[in-house]
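Here is the structure we will look at.
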């Protein structure tokens, strides 16, 4: 695993560039998520595998019981296009640490960089058959899920696809880990420091152009501070530089495909048709960008949380600002969603922020910022998924416990 990590590290810059060329991710983010992060995950899982005790002996009424943690078997890893190297390694690394073999099916939009993983694995001396790569679309994924030789599916993607995978896997009682969609809420409390809020927007709200499952696309604000928050968001959007994602000066790249761009623009048209306040952006192409699948970063004010704009995952730079009257109402609105993946509370009272966060049903929460910690478990509740990735806990999802009575 360490040789695998070293091999990937040598390819890091070219891999990050290849990903950006495929999905439009801005260069600084691609270097972190498609070069540095996969290497770090592999190395941390190698350390964990060395330190973990996979067999213990316990006294029993008639003797002893040997409790073994054994590999779950063959893992089918199906990953999305938005962070392809990171998402792939979040499954490959714990699977290898547990002693499993892996069949990786990358997203068609970002299939090329998956072969870098294969080259690096070969270069590192991974035995043949330990890591296998199968390119393809929906039919390839369906075949992988249904295959009787696959013991577990680890999937990152849309909730609709995850539900279909869960249903198919359930028929054969195949193990699943599902990291799915989100509609996270950023709760701005009355005492929030809006300078802190503004500094959080890169990671918490607009990361990867909103093509991030934890995007806090619902921003809940006290009625009395609604205009202040809208002004902060408008100023942030006005400062974004759109263009070639490989240009260091660019801070917002294009959508991954023309089809996805049109999907996002249709949600903007929906928000306009429902009469919500259009603060910035809109469905028209950004000025001066005649080539590329760009979407104008769009801010809607006065959004009704019951609207489709506030309830459905858009996966683009489209933000709904939702006013509330009381903190209890803010918590109710934050929880009024089928999703439960991320969220953040902005307040100058840290302990009170923790209290509010504890009332929001979500797999992850932040206080005054939201940035994933790869040393801690990550995953969702409700329609946002089953299972956890990252941290020592990730290994548990690739192991089976066996008891031997002696």
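The numbers here are math on the coordinates, done by the rules we state, and not lab data. Keep in mind that this is a model prediction, so the values were computed, not measured. Positions of Cβ are backbone-derived with ideal geometry, glycine not excepted, and every protein chain shown enters the neighbour counts.
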*asked:* With bins 5 Å wide starting at 0, give me the P(r) of region 1-153 over every alpha carbon pair, in whole percents.
replied: 2, 10, 18, 20, 18, 13, 8, 4, 3, 2, 1, 1, 0
*What order, most packed first, do the peptides 15-26, 117-128, 373-384 have when packing is the mean number of other Cβ atoms within 10 Å of each residue?*
15-26, 373-384, 117-128
*asked:* Quick check on packing: order 173-181, 317-325, 90-98 by the mean number of other C-beta atoms within 10 Å, highest mean leading.
replied: 90-98, 317-325, 173-181
_Between residue 263 and residue 403, what is 0.36 nm times their sequence separation minus the Cα-Cα distance? Round to one decimal in nm._
45.3 nm
*Just the number, please: percent antiparallel of the DSSP beta bridges in region 1-154, rounded to the nearest 5.*
35
*Among DSSP beta bridges whose residues both lie in region 185-367, state the antiparallel percentage, nearest 5.*
15
_P(r) histogram, all alpha-carbon pairs of region 238-299 included - 5 Å bins from 0, percent_ = 4, 18, 28, 24, 16, 7, 2, 1
*Please give, to one decimal in nm, the separation of the simple spin-label points placed at residue 244 and residue 36, each 7 Å out from Cα toward the Cβ.*
2.4
*What percent antiparallel are the DSSP beta bridges of the chain, to the nearest 5?*
35
*Restricting things to alpha carbons, find the Rg to Rh ratio for region 325-406 using the Kirkwood radius for Rh.*
1.13
*Alpha carbon centroid spacing (whole Å) that separates region 252-281 from region 213-236*: 17
*asked:* Taking 8 Å as the Cα distance limit and 6 or more residues as the minimum spacing, I'd like the relative contact order of region 185-367 as a percentage.
replied: 28
*asked:* Compute the distance from the alpha-carbon center of region 12-73 to that of region 149-199, in whole Å.
replied: 19
*Just for the Cα atoms in region 185-367, what are the lengths along the principal axes, largest first, rounded to whole Å?*
47, 34, 30
*What is the helix-to-structure angle for 37-51, meaning the angle in degrees between its Cα long axis and the longest Cα principal axis of the chain, kept from 0 to 90 and rounded to the nearest 10?*
40
*Tell me, how many Å apart are the Cα centres for region 333-363 and for region 369-393?*
15
_Answer label for semi-axes √(5λ) of the Cα gyration tensor in Å (calculated), chosen among (i) 38, 26, 19; (ii) 32, 31, 18; (iii) 81, 21, 18_ = (i)
*Determine one quarter of the surface area of the Cα convex hull of region 320-373, which equals its mean projected area, and express it in nm² to one decimal.*
4.0
*Kindly rank 263-269, 106-112 from highest to lowest mean number of other beta carbons found within 10 Å of each residue.*
106-112, 263-269
*Compute the distance in nm between two label points, each set 7 Å from the Cα along the Cα-to-Cβ direction, one at residue 67 and one at residue 135.*
4.6
_MRE, 222 nm, helices only [DSSP H, n ≥ 4, -39500 (n - 2.57), over the chain, to nearest 500]_ = -11500 deg cm²/dmol
